[in-house]
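The next block holds one structure in the form of structure tokens; read it before the comments.
Every number here is computed from the coordinates shown, using simple stated rules; none is lab data. A quick note: this is a predicted structure, and the numbers were derived from the prediction, not measured. Using ideal geometry, Cβ is built from the backbone for each residue, glycine included, and neighbour counts are taken over all protein chains shown.
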């Protein structure tokens, strides 16, 4: 089975809310195809949604180490950083999301701008 087939299988499990099963398949993909940035990103999403924030953060950082323009990873990283109280890192990740997000993501752009303003005001940045 190639990585695309495995990713499709993991995504189907994720959609069913079977995060642990999806993560298990993503683990296999990462083991077999260690340069597959999408596997790291998608495993990060599954880890985030199962409350495994530090693991998700590691996955998003791994994806970003392979592609530092990945706006999706920056947005998810920012959300996790907020959840774990790493507010300055959240602001930095939101700013990088804004830098790389395509124009059609206007709602996410507005959300990121709002969160940056809120975080800077509340923490005195």
Run the helix sum for the chain: -39,500 (n - 2.57) per DSSP H stretch of 4+ residues, divided by residue count, reported at 222 nm to the nearest 500 deg cm²/dmol.
-25500 deg cm²/dmol
Simple spin-label model, 7 Å along Cα-to-Cβ: residue 24 to residue 49 in nm?
1.7
Return the single residue from 73, 22, 86 with maximal mean-square fluctuation; model: Gaussian network over the chain, springs between Cα atoms under 10 Å.
86
Rounded to whole Å, give me the distance from the Cα center of segment 27-60 to that of segment 74-125.
20
Per 0.36 nm of contour for each residue apart, how much would the distance between residue 89 and residue 11 grow if the chain were fully extended, relative to their Cα-Cα spacing?
25.3 nm
Quick check for you: which residues of segment 5-19 have the amide N under 12 Å from the point 7 Å beyond the Cα of residue 32 toward its beta carbon?
5-10
Across 13, 64, 96, the residue with the highest GNM fluctuation in the chain (Cα network, 10 Å cutoff) is 13
Two-decimal Rg/Rh across segment 28-88, once Rg and the Kirkwood Rh are taken from alpha-carbon atoms
0.97
